[in-house]
Amino acid sequence: MNDNHNEDEKPFDDTSEDSTLEDQMSAHIAAIAASGVAAEAEALANRQADMAAKERREARLAILAAITIIGIIVAHVVIHR
């Protein structure tokens, strides 16, 4: 008889190891997917911030153009009195 045999040892069942490996792989895939979603969300936020900054620049340019046009009209009126 084999004296090295451990009576408390569970019989070898590779299904539990497969299940653990599948769980680990699923968790890893989920982490990768979550990372991708987070990256997409960050990219979207950056695009929105860029668009908002562009709109502010355009608004400032429109105000500057309006002030310039008003200044030209006032100067024209003052000069031709």
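The values are calculated or read from the model by the stated rules, or taken from the named source; none is laboratory data. These figures come from a predicted structure and were not determined experimentally. Protein only, heavy atoms only, side chains kept; ligands, DNA and RNA dropped before computing areas. Shrake-Rupley method; radii C 1.70, N 1.55, O 1.52, S 1.80 Å.
So if each residue of separation counts as 0.36 nm, and I subtract the Cα-Cα distance between Ile72 and Leu21, what length gain in nm does that give? Before the final figure, lay out each step's value.
Numbers: separation 51, 0.36 × 51 = 18.36 nm, distance 7.60 nm.
Separation in residues times 0.36 nm, less the Cα-Cα distance, equals 10.8 nm.
With every protein chain left in place and a probe of 1.4 Å, what is the accessible surface of Arg56, to the nearest 10 Å²?
Rounded to the nearest 10, that gives 130 Å².
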